[in-house]
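See below for the structure under consideration.
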Amino acid sequence: MKKNVIGVDVSKEKLDFCYLQNEKLEKEWILSNTTTAIRSSLKSLLKELGLDASEVLLCAEYTGQYTYPLCCACEELGLDLWLENPAQIKHSSGVQRGKNDKLDAHKIASYANRFQDKVRLFSLPEKNISSLKQLISERDMYIVDKGKYQGQLTDQKRFMSPNDYRKKSNRLKALISGLTKQLDIIEQEIRELIDSDETLSNQHKLLCSIDGIGDRTAIKMIVSTNAFKDFDNARKFSCHAGVAPFRYTSGSSVHSRNKVSHRADKSIKSLLHMASLVVATRMKDGELRDYYLRKVAEGKNKMLVLNAVRAKLIARMFAVIKNNRQYEKKYEFYLQIS
């Protein structure tokens, strides 16, 4: 049974709502982007229209943290929420002239009404996963800032007077020291959070048993996959991380070699790249190093082979989680015939 659809255009300060019933526009309104305002408005709407929460579907473009109040309100009211990729909605809406939030809300509602059979309902991640995600985001921000300040210490010395450089370096060193201290605190909080959760602790231990997968990569994988609940298999996550190659051909004139897509989570891809470099070029031995050397000797492009190593690492991570057992470097399979 098709549900009544509400399209939501999300921005930092406000939300634009568009309510459709049987593909007909019934109501449009604007709210401030707070959980209280959204919950109160949706509750009043259900009462006004005499609808049950199970009869309504809300659809919004995923815009990161800005959708958090909407997610909380829907969870409290028991409303189904669909957070869709903005590019998916844009490319399915045909040619459009002009743009505003009101029009976008109507476009989102029309999309949800048309593709209800493809709905993927959203639910907030568990508290520990959410906290871990926030800590990792904050840690990455501090690491970037620390690197920027450290670069200033070395890059500017030759191009400033000694007196000016001394004053500047003292200020930069104070900032770096403060950031280092905060990074240590965050790392400790991350460790305590993982140790306090049996599932996260077990997954972290399983992932770190794989050659090349360190602490940061393991934690990032857990967060990116929502503790391996959001992805069914390694292939889907390879697409998400920009590791899976795709064919690009058209007619008789376009025959490009297979290549990865730029639509990817670059943060996890960079960590996987470093992991692949470790196992392929820096370890003295190992199956993946032997694979890398063999393929390069055959004339394969080095980056192409490294990308294959990334895919193999992803496959191993999903395998250890699925089987709930640590990675065995010299696994032997015995077939017993009775």
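Here are the numbers:
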item: Stokes-Einstein translational diffusion, region 127-196 - Kirkwood Rh over all Cα pairs, 1.002 mPa s, 20 °C, in µm²/s; result: 157 µm²/s
item: Above-threshold pairs, the threshold being 20 Å between Cα atoms, out of 3/47; 146/168; 27/90; 12/127; 269/302; 3/118; result: 27/90; 12/127
item: Value of [θ]222 nm, deg cm²/dmol, for the chain, DSSP H segments ≥ 4, -39500 (n - 2.57) each, nearest 500; result: -17500 deg cm²/dmol
item: Farthest toward positive dipole pole in the chain [+1 Lys/Arg, -1 Asp/Glu at C-beta], among 100, 68, 113; result: 100
item: Debye, to nearest 20: dipole size of region 4-118, +1 on Lys, Arg Cβ, -1 on Asp, Glu Cβ; result: 360 debye
item: Whole-Å semi-axes of the ellipsoid equivalent to region 147-258 (Cα gyration tensor, √5λ, descending); result: 40, 29, 9
item: Shape box of the chain [Cα atoms, principal axes, largest first, Å]; result: 79, 69, 53
item: Axial C-alpha extent at least 24 Å, average Kyte-Doolittle at least -1.0 - helices from the chain (DSSP); result: 127-155, 162-196, 302-323
item: Amide hydrogen neighbours beyond the local backbone of residue 260, cut-off 5 Å, H modeled; result: 246
item: When each of 24/107; 181/266; 133/229 is checked by Cα-Cα distance, pairs over 23 Å; result: 181/266
item: Cα gyration tensor of region 22-107 - equivalent ellipsoid semi-axes, whole Å, descending; result: 23, 16, 13
item: For residue 84, residues with placed amide H under 5 Å, excluding near neighbours; result: 60, 61, 62
item: Which of 286, 86, 176, positive extreme of dipole for the chain (C-beta unit charges); result: 286
item: Kirkwood Rh and Cα Rg combined as Rg/Rh, region 160-204; result: 1.41
item: Cα-based convex hull volume of region 215-327 per residue, rounded to whole Å³; result: 122 Å³
item: Cα-centred dipole magnitude for the chain, charges only on beta-carbon of K, R (+1) and D, E (-1), debye, nearest 20; result: 1800 debye
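Quick note: the coordinates plus some simple rules give every number you see, no bench work behind them. Because the structure is predicted, anything quoted here is derived from the model rather than measured. Using ideal geometry, Cβ is built from the backbone for each residue, glycine included, and neighbour counts are taken over all protein chains shown.
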